[in-house]
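Trainee: Have a look at this one before I ask anything.
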Amino acid sequence: MSGASSGPRRGGAVAETVENLRSTGTDVVRVVYPDLIGVDRGRDVLVGHLPEACAHGLSFCRAVYHTTPRGGVVPVAGGLDAGLPDICVQPDLDTLKPLPWEPGVAWCLGDSVDPLTGEPAPESPRALLRRVIDRAGAYTDDALSAVVGPELEYFLCDAAPGTPSGWIPYGRATGNVYSAGRRGDPDGHLLRTLRQLDRLGIGVIAGNHEFDGGQFEINLGHSGALDAADRAFLFKAAVKETARHEGRLATFMAKPFNGLGGSGFHVHLSLVDAAGRNVFDDPDGTGGLSGTARHAIGGVLRHAPALAALLNPTVNSYKRFGPDTLAPWLIDWGLDNRSAMVRVPPERGPGTRLELRLGDASANPYLLIAGTLAAVLLGLRDRPEPPDPLAGYGYDEAVAPRLPGTLPEALDALAADEALTGLLGAEFVRAFLTYKRDEIDRYQHAVTDWEFGEYAFLI
Ligand code: GLU
Ligand code: MG
């Protein structure tokens, strides 16, 4: 597997890029990179200063990785305790794309490194995914590559001053699942967004209204693991940013509203050999699946409690799970069965793949794909046989074990899963656990609307 980076460019190549940008009227390059929770951080660089930015990188405080969504800094080792040192972000000019909604601005991804050693910053999610891809050879006999297709759901919200959160789902018409057009999308949000994303060139294929009012799903085409993560990361940033241009909120929160469904981040994954042949496909195997596919499924099931920490990374994530939600509840798998955590879609041959339905939309795409791939690789190495596939409608706790019910349970499972932690890297996992345990602590000390409604009046 290859996670090759373009590395710093030679001066001549950068000068040529600057010329090309200027000739198309681009005067700013927005260099973005994912933080620990997958939020885009970055800087707008005037094109004339791009050569300097490429030669020396852009300096940011390493504690960007330790910053909470509300702006607090969590004391993760290497940040506050080390005197808030720098990371250096190196623009990857191979990823340059003009921003359709911001004329004159181009986007490019950056890779963050420790300025002293030149090594990837320990918390860099992009570096983590590269590491998992690069270590794959140690877990498989053949040179296998992952093919990954992300599928994301989100709610679009309108401002509603005076309501508890200040936002309500856009449109709010019910019964529009799998529909397109104005019925559930009164001012054409989806078409507008699809066209913007198409011009951005991140491999978006199609979209439709999801189950609940104001909820949409957009599918991205499949590609290699790193490219798929890059595209899913830019996708989330783009949808949030274009909604802001319209005075709206697009949220990838797992379960933003009581009484409505959650938003999933399903990921389709297969493995191909050096000749490009899908190694999950076996017409003679049970269900048309190879032993490799079965072991991959076995690996995902075995490591699911720990994976939940990465794929369901917020306190809110665990409110999406449940019986009858189309989100999972149990650690199970099935052949074309949407009530299972791992669904094997009906296509065989080159389209043979797993659809892992565990992740929710709040997951950092790099961690979601790295964690899933790591569990698959461990499955290939350790060869666990999955149980019989789920028959019929799922959610029966007598049949399969339950997923972690809370974020603390999932973090404990990640901390205890030495095989997965070993593959992801102990330093990264330590930083992630410290950051997330701080979130739990803050949540446990926060008084919520629910508590006031439950206790304030009668007691
Ligand atoms: N919204 C569901 C989830 O949270 C998935 C619905 C679907 O099958 O697309 O995973
Ligand atoms: Mg969906």
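Trainee: What ranking do Thr117, Thr292, Thr242 get, fewest neighbouring Cβ atoms within 10 angstrom at the top?
Mentor: Arranged by neighbour count, lowest to highest, Thr117, Thr292, Thr242 become Thr117, Thr242, Thr292.
Trainee: Output the relative contact order of segment 305-432, whole-number percent, from Cα pairs under 8 angstrom with separation of 6+ residues.
Mentor: Taking the mean separation of contacting Cα pairs over the length of segment 305-432, I get 35 percent.
Trainee: What is the packing order of peptides 445-454, 35-44, taking the mean over residues of other C-beta atoms within 10 Å and listing the highest first?
Mentor: Descending packing order for the listed peptides: 35-44, 445-454.
Trainee: In nm, give the distance between the simple-model label positions of Asp141 and Thr174, each being 7 Å from the Cα along the Cα-to-Cβ direction.
Mentor: 5.5
Trainee: Please report Glu123, Glu241 as a ranked list, fewest other C-beta atoms within 10 angstrom at the top and most at the bottom.
Mentor: Lowest to highest Cβ neighbour count: Glu241, Glu123.
Trainee: Something else: Taking other Cβ within 10 Å of each residue's Cβ, how do Ser317, Ser59, Ser290 sort, fewest first?
Mentor: Going from least to most buried by this count: Ser59, Ser290, Ser317.
Trainee: How high is the relative contact order of the chain, in percent, with contacts defined as C-alpha pairs under 8 Å that are six or more residues apart?
Mentor: 15
Trainee: Could you run the Debye sum over the Cα atoms of segment 329-449, one equal point scatterer each and no solvent, and tell me log10 of I(q)/I(0) at q = 0.11, 0.18 Å⁻¹, two decimals?
Mentor: These q points yield log10 I(q)/I(0) values of -0.47, -1.15.
Trainee: Further, regarding this structure: Enumerate the residues in segment 398-426 having an amide nitrogen under 16 Å from the point lying 7 Å beyond the Cα of Gln444 toward its Cβ.
Mentor: Hits in segment 398-426 for Gln444 at 16 Å: 405-413.
Trainee: Now for a separate question. Assuming R0 = 41 Å, can you tell me the calculated FRET efficiency for the pair Arg41 and Arg182, based on Cβ-Cβ distance, to the nearest 0.05?
Mentor: Result of the calculation: an efficiency of 0.70.
Trainee: Taking just the alpha carbons, could you work out the radius of gyration and Dmax for segment 76-201, both in angstroms?
Mentor: When restricted to the Cα atoms of segment 76-201, Rg and Dmax are 21.4, 60 Å.
Trainee: With r as the distance between the Cβ atoms of Lys97 and His245 and R0 = 22 Å, compute the FRET efficiency 1/(1 + (r/R0)^6) and round to 0.05. Don't skip to the end; give the middle numbers.
Mentor: Numbers: r = 17 Å, r/R0 = 0.78.
It comes to 0.80.
Trainee: When the Debye formula is applied to the Cα atoms of the chain, each taken as the same point scatterer, what base-10 log of I(q)/I(0) results at q = 0.07, 0.09 Å⁻¹?
Mentor: -0.35, -0.60
Trainee: Turning to a different aspect of this structure: Along the three principal axes, how long is segment 270-326 when you take its alpha carbons, biggest first, rounded to the nearest angstrom?
Mentor: So the three principal-axis extents are 42, 26, 18 Å.
Trainee: While we're looking at this one, here's another question. Charges at C-beta only: +1 for Lys and Arg, -1 for Asp and Glu. How large is the resulting dipole of the chain about its Cα centre, in Debye rounded to 20?
Mentor: Values: 42 positive and 58 negative charges, 140 e Å.
So the dipole magnitude of the chain works out to roughly 680 debye.
Any read-out appearing in this document is the output of simple, stated calculations on the displayed coordinates, not a laboratory observation. On a predicted model such as this, the values are computed, not experimentally measured, just so you know. Every residue, glycine as well, gets a Cβ built from its backbone with ideal geometry; the counts of neighbours run over all protein chains shown.
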